[in-house]
1. Using only Cα atoms, what is the ratio of the radius of gyration of region 1-53 to 2.2 N^0.38 Å?
2. Quick one: Karplus J couplings for region 7-13, per residue in order, coefficients 6.51, -1.76, 1.60, θ = phi - 60°, nearest Hz, x for Gly and Pro?
3. Could you work out which residue, out of Val45, Val60, Val69, moves most in a Gaussian network model of the chain, that is, has the largest mean-square fluctuation with Cα springs under 10 Å?
4. Around Leu55, what is the net charge, scoring Lys/Arg as +1 and Asp/Glu as -1 over all other residues with Cβ under 12 Å from its Cβ?
5. Take the chain, connect every pair of alpha-carbon atoms lying under 10 Å apart with a spring to form a Gaussian network, then pick out the residue of Glu63, Glu12, Glu20 with the largest mean-square fluctuation.
6. Of Gly67, Gly59, Gly44, which is the most mobile in a GNM of the chain whose springs link Cα atoms less than 10 angstrom apart?
7. Work out, step by step, the length gained on full extension between Met37 and Arg76: first 0.36 nm times the residue separation, then minus their alpha carbon distance; give nm to one decimal.
8. Would you tally the net charge around Gly44, using a Cβ to Cβ cut-off of less than 13 Å, leaving Gly44 out, and scoring K and R as +1, D and E as -1?
Amino acid sequence: MTGTDDERQVDEAILAYLAEHPEAMDTPEGIAEWWLMRHQVRTGVSVIVRALRRLTDSGVLEELGGGDVRRYRLRRALPDEPPGEDVT
């Protein structure tokens, strides 16, 4: 593949989508809206998940729930608890 970095990223996103959905077919507008936006959102979510893990591991955030119902918020310390210790 040739072209600019942006063009190569689009090529790779289209091919990645087709690898997951080999029967897919759409217009250029549909590809832009559904295939490529979906890829960008998935990439964005994976970056966010890594950030949430780092912030949770460092004690800034706390994780509530599990699986698909995980929620994150600022870690709340108990009134007599030094910052950085687990409250669970």
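1. Details: Rg = 12.5 Å, N = 53, 2.2 N^0.38 = 9.9 Å.
Taking N as the residue count of region 1-53, the ratio is 1.26.
2. For region 7-13, the Karplus-derived couplings read 5, 5, 5, 5, 3, 5, 5 Hz, x marking Gly and Pro.
3. Val69
4. Working: positive: Arg50, Arg53, Arg54, Arg73, Arg75; negative: Asp57, Glu62, Glu63.
Surrounding charge for Leu55 is +2.
5. Glu20
6. Gly67
7. Working: separation 39, 0.36 × 39 = 14.04 nm, distance 3.54 nm.
Between Met37 and Arg76, full extension yields an extra 10.5 nm.
8. Working: positive: Arg38, Arg42, Arg50; negative: none.
Charge balance near Gly44 sits at +3.
Rule-based calculations on the coordinates, nothing more; no lab input. Please read these numbers as outputs of a predicted model, since none were measured by experiment. Glycine gets a Cβ as well: all are built from the backbone with ideal geometry, and neighbour counts include every protein chain shown.
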